[in-house]
2 protein chains.
Amino acid sequence: MGAVSPLSSTRITGGLLREWQDRNRHATIPHTVEQLRVAGNLDNLSRLLSAEPPAYRGRYPFLDTDLYKTLEGLAYEIGEGEGDAGVREFFDEVVGLLERVQGEDGYLNSFFQDPEAAKKHWQDLGWGHELYNLGHLIQAAVAAHRRMGDARLLAVARKFADLSVRRFGEGGKEGVCGHPEVEMALVELYRETGERAYLTQARLFVDRRGHGHLRHSVFPPDYFQDHLPFRDLPTVTGHAVRMGYLAAGATDVFLETQDRTLFETLDKLWDDMVATKLYLTGGLGSRHSDEAIGDRYELPSERAYTETCAAIAVMQWAWRMFVATGSAKYLDVFERVLFNAYAVGLSADGQAFFYDNPLQRRPDHEQRSGAETGGEALRRSWFGCPCCPPNIVRWMAQLGDYVAAERPDELVIALFTEGRIETDAVAVSVETAYPWDGDVRLTVERAPGRRYAIRLRIPAWARDVTLDGEPVTAEDGWLTVEREWSAGDTLRLHLPMPVRGHASHPYLDATRGAVAVARGPLVYCVEQQDSPAPVDDLVLPVDRLADAELAALPDGLPGQVAVRLTADVAPVPPAELYPEITGEPVAAEQAGTAQVTLVPYFLWGNRRPEAMRVWVRAQ
Amino acid sequence: MGAVSPLSSTRITGGLLREWQDRNRHATIPHTVEQLRVAGNLDNLSRLLSAEPPAYRGRYPFLDTDLYKTLEGLAYEIGEGEGDAGVREFFDEVVGLLERVQGEDGYLNSFFQDPEAAKKHWQDLGWGHELYNLGHLIQAAVAAHRRMGDARLLAVARKFADLSVRRFGEGGKEGVCGHPEVEMALVELYRETGERAYLTQARLFVDRRGHGHLRHSVFPPDYFQDHLPFRDLPTVTGHAVRMGYLAAGATDVFLETQDRTLFETLDKLWDDMVATKLYLTGGLGSRHSDEAIGDRYELPSERAYTETCAAIAVMQWAWRMFVATGSAKYLDVFERVLFNAYAVGLSADGQAFFYDNPLQRRPDHEQRSGAETGGEALRRSWFGCPCCPPNIVRWMAQLGDYVAAERPDELVIALFTEGRIETDAVAVSVETAYPWDGDVRLTVERAPGRRYAIRLRIPAWARDVTLDGEPVTAEDGWLTVEREWSAGDTLRLHLPMPVRGHASHPYLDATRGAVAVARGPLVYCVEQQDSPAPVDDLVLPVDRLADAELAALPDGLPGQVAVRLTADVAPVPPAELYPEITGEPVAAEQAGTAQVTLVPYFLWGNRRPEAMRVWVRAQ
């Protein structure tokens, strides 16, 4: 349908997303602030005020970004007049520290500003993360400027950005950062300030990749997306978060430059990713090694890495592709990621996090003791590399930005949530229990006073959709209602949400012969405590799915809808691992059936650690 | 049947194993010697003769072991009067260096003997590999003493071993090495010298594990098998090579102490490994991360790590379990590993190596550029961590040790190969083209002159076995022929080798709905160049297997038997990754059939890199 303009004024007023935002406000943010203090992220800055600074705490040169991501989230909270006591003080404390610590030339990075490390500035672009730090600083600064009207952080960010442009701009040093992120931020800084040099710099960083600038003793060039020029990439590759941030940044560059060669690459990479490399949950990244995306169709459930940060990166990319094209297909993925691969990263109480998000936990899973990112049984309160927790924080805080968009004479509803959407032309309130229920009621609170369209996204999974009780057909994922509206007019959209089963592509070995259960945008899973038979013994033929019923969630899980169904139980007698196939088909042993409750995948792991499966044997 | 005594006098005189030994002699050993020189392994020793030694070359503190493993192999070669020109000189050169470099107290490790590193002796048992180094030194020394009658290296090894016993013996420091290996070696040193302190020390090292002695900044305790006492391990776990070496060493301790609590653990661990954690190829280790074994039934084909060294470790353990029990089941695994997971580690020309050995290569496999151990497309000539190549060398050289064993009044044939087996009681020659063919002809060359049994191993895959043309039935994997033999007596064993299909256990998600082809002890695979249709589109229902025929191998591959069969071809039209399952079963698209040639898995990757599958869709 063509490009759309994002809307930043939407308020989420109820429902699951509001519960998530409240949890963020009252649990995750206070927890994160405390962890940042305890882990030393603030000390890393304040130590630089001392003539003989104590040692940097932590091993990674990017720990300032955990502060920046938190500040970005806080800017949304404070801007909406929300946030618990102490939040404003924390914001001011960190900004004050940053102002005092920033170098006279604008340089800012508490790892490298140590006098001992000072000569290392810009010496290790592959691993130093200095421009990655700048990127998160800019994003926090732009959020503070936009949402709070606070210009202090923006001044700090511009000073560092200007230094970077002088160093790496046209005619400057041909460097790029080992971890893409600054590209998105620089384009946003251009949008906020109008300073074209930032856009140019972002474009240069995208264009410079793939010329072997980056060297590392452990990681290969493709880890950094530096093995091929961006436009030559045949597929998303390397470190998943890096790839997602790079693609999102390149999309931002396209949005502001309309460079079609960039879009052609992005379009190809996106479709290929969705068709061959994305988990059912929307997670990206199949390998623990190098946190890498992996080959096409390499999507093992138990070793799915699908870092929480990669989920955010995919949503960032998806949203920008939607903004560029108005195409609903990007929102289908956005929603899949939001309610599954992203949401699962946070515990129900908002104070513990998954770094990696597998789709299966085996009965005798060996918890990797003492490790940080190795598939631990349950979520952890913090990490030595804590990139995910504050990333969750900022994203929760800004979810309102991804609910709606506008075009001339048209309001575009991208995501269903209880909320209030306001533009210059129109104000609409939405009532819905989505994603638990597919009924959505829109009320026009302020009418445009002219013919005007309201465009509703119809998710790809939806069938038999009705509007105001009448069957309707979506076109390319959209339903458009154009009329002269009056205040008080309503639209009642009904998206039926039967329980669905999904199979997988024949090339995808890891889930061959298995079925996954979904309803609406939610992927479901079975945890051992909700099945009387071992989850590995459950078999779900298609006809069993047809009899599925909705039910309340098991005790201890917040939310609304579980799926109850009867599974066949086919226990496996002591058997060879690789039995010889003989002429006669082996008679499947079947020991009756079992009533099983499936819970939304994003809620798994909130009780004691037991076996879990998204994909259940289908035969 | 009870314990057996190994035989070390068997000569392999022809057939595939002899071809492998010849290749080792004329290609792999010269190549390895050259690589060791180029990589600096010798320089690391000779530099210590200088007052101001140049820097250690390489990053790992265990590079001396590559020399030791090579010396162990050379001892077999030289002992048999084989080996190319220069081999003896290399042996003498290295031994001479070791004699000169060894510390006065017996300490020997070219990494830590650097004056700069001297104070670090024994300070980092978790990662220092000092006792691991000692283990390989001992194994080389025992081989040199036994096979060459050369006592020089044994003197060096004993001096270092004695130092270690003084330091870590009873009443000494309660240390244990981060990488098990020295346990096997110390027991062998006890066998060779009769010095009981070495056996005691080996027992102590096994018993001390699991008390949290080992600390590492990256790897968790289970990586080192130090999270639980050995007897409490519920399953093989952690780093695969470490686990295999530890289990083999513990079996050696059991063999000499008859400590049943050790055997009970070993028996349980073995059966669990074979039933839940071993690849069809006999490979062990499912994860690239930490080179770890992984969970039960976690056996993904494309990411199979199955390090070549782990294959050797499993064979070492299997052989010792066989020696302890006389049970044929251990030899079934030994043989599976030998002809598949081990053999695949070496190229057909003997000069390139796989470090990890996946069971699948995807069509668009992204070769991890510049990495050492990350699933590169094809074998490499050497590695920065070159543990596998010299491990292959020593194992090829000593294959004769694993052909036969004896018991009182009984010769036990463990592995079929053309060769000559000699004991005090009997001499037997064997003619066979095994594993290409299941006909085995034994000729008694020297008769015992009393009733005597020849016990033939009947592999678990064998059906309809005949002896001298008569149907026979194996008992627990053995066929025993007891009689008064005369010189010239023969036995003709016939093991039919039809093409077999194998399925996998229902808990094993990665290969569900797929079939693997095997014949005799060989697992087969399909490489793209041998299939007119994409390998991912091939489907092999059971009845297609029944029509399989034997054929010559494709051009460029050495050996004898390929499998030709007609596969169904079910190309996948552009399709969703996770299609919704609807009531009607999706009509399988089928575009006819294709004549496909399957080659032994161990030969894959000797032509240009293309897609490969061991497991092919079955429906």
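The values are calculated or read from the model by the stated rules, or taken from the named source; none is laboratory data. Here the structure is a predicted model, which means the values were calculated and not measured. Note that each Cβ is placed from the backbone with ideal geometry, even for glycine, and that neighbours are counted across all protein chains shown. Only protein heavy atoms, including side chains, enter the accessible area calculation; ligands, DNA and RNA are left aside. Shrake-Rupley method; radii C 1.70, N 1.55, O 1.52, S 1.80 Å.
How many Å² of accessible area per residue for the protein assembly as shown, probe 1.4 Å?
33 Å²
Once label points are set 7 Å from the Cα along Cα→Cβ at both residue A:1 and residue A:85, what is their separation, rounded to one decimal in nm?
Going from the residue A:1 label point to the residue A:85 one covers 4.6 nm.
What percent do you get for the relative contact order of region B:462-569 when only Cα pairs under 8 Å and 6+ apart count?
19 percent
Compute the acute angle (0 to 90°) between the alpha-carbon long axis of helix A:64-79 and the principal axis of greatest extent of the alpha-carbon atoms of chain A; round to the nearest 10°.
Its long axis makes an angle of about 80 degrees.
Could you compute the longest span of chain A free of GluC sites (Glu not before Pro) located in DSSP loops and having at most 13 other Cβ atoms within 10 Å, not counting the site residues?
Longest run free of exposed loop sites: A:175-575.
Give the shape of region B:147-287 as rounded, prolate or oblate, defined through the alpha-carbon gyration tensor: a ≥ b ≥ c are the square roots of its eigenvalues, a/c under 1.5 means rounded, and otherwise the shape is prolate if a/b is larger than b/c and oblate if not.
Here region B:147-287 falls in the prolate category.
Please report, as a whole percent, how much of the solvent-accessible surface of region B:495-542 comes from carbon and sulfur atoms (probe radius 1.4 Å).
Carbon and sulfur atoms account for 67 percent of the accessible area of region B:495-542.
Return the carbon/sulfur percentage of the accessible area of region B:1-135, one whole number, probe 1.4 Å, all protein chains in place.
On region B:1-135, the fraction of accessible area on carbon and sulfur atoms equals 48 percent.
Residues with beta-carbon under 9 Å from that of residue B:513, excluding residue B:513: net charge, scoring Lys, Arg +1 and Asp, Glu -1?
Neighbour charge sum, excluding residue B:513 itself: +2.
For helix A:182-193, report the angle its Cα long axis makes with the longest principal axis of the Cα atoms of chain A; keep it between 0 and 90° and round to the nearest 10°.
60 degrees
Taking the Kirkwood radius as the inverse of the mean 1/r across Cα pairs, report the Rg/Rh of the protein assembly as shown.
1.00
Tell me the carbon and sulfur percent of the accessible area for region A:181-232, rounded to whole percent, probe radius 1.4 Å.
48 percent
List every residue whose amide H lies under 5 Å from the amide H of residue B:562, counting only residues 5 or more places away in sequence or on a different chain, with H placed 1.01 Å from N in the peptide plane.
Placed amide hydrogens put B:551, B:552, B:553 under 5 Å from residue B:562.
Can you quote the Å³ per residue value for the convex hull of the Cα atoms in region B:301-444, rounded to an integer?
126 Å³
Taking a threshold of 19 Å on the Cα-Cα distance, which of the pairs B:268/B:329; A:277/B:277; A:69/A:173; A:119/A:173; A:120/B:119; B:119/B:173 fall above it?
Distance filter (> 19 Å) returns A:277/B:277; A:69/A:173; A:120/B:119.
Threshold 30 Å², probe 1.4 Å: give the residues of region A:504-549, in number order, that are less accessible with all protein chains present than with their chain alone.
Residues shielded by partner chains are A:505, A:506, A:507, A:509, A:510, A:512, A:536, A:542.
Relative contact order (percent) for chain A, with alpha-carbon contacts under 8 angstrom and 6 or more residues of separation?
Rounded, it is 13 percent for chain A.
If you take the accessible area of A alone plus B alone and subtract the pair, what total do you get in square angstrom, rounded to 100, with a 1.4 Å probe?
For chain A against chain B, roughly 5900 Å² becomes buried.
Starting from the exponent 0.38 and prefactor 2.2 Å, build the expected Rg for chain A from its residue count and divide its actual Cα Rg by it.
For chain A, the normalised Cα radius of gyration comes out at 0.97.
When the distances between all Cα atoms of region B:2-43 are binned every 5 Å from zero, what whole-number percent does each bin get?
6, 18, 14, 15, 14, 13, 11, 6, 3, 1
Kirkwood Rh over Cα pairs of region A:426-477 into Stokes-Einstein at 37 °C, 0.692 mPa s: D in µm²/s?
259 µm²/s
Comparing the chain by itself with all protein chains present, which residues of region B:280-320 are at least 30 Å² less accessible (probe 1.4 Å)?
B:287, B:289, B:295, B:296, B:298, B:302, B:303
Between region A:408-447 and region B:288-323, what's the alpha-carbon centroid distance in Å?
56 Å
Roughly what angle does helix A:130-143 make with the longest principal axis of chain A, taking Cα atoms, 0 to 90 degrees, to the nearest 10?
Helix A:130-143 sits roughly 80 degrees off the main axis of chain A.
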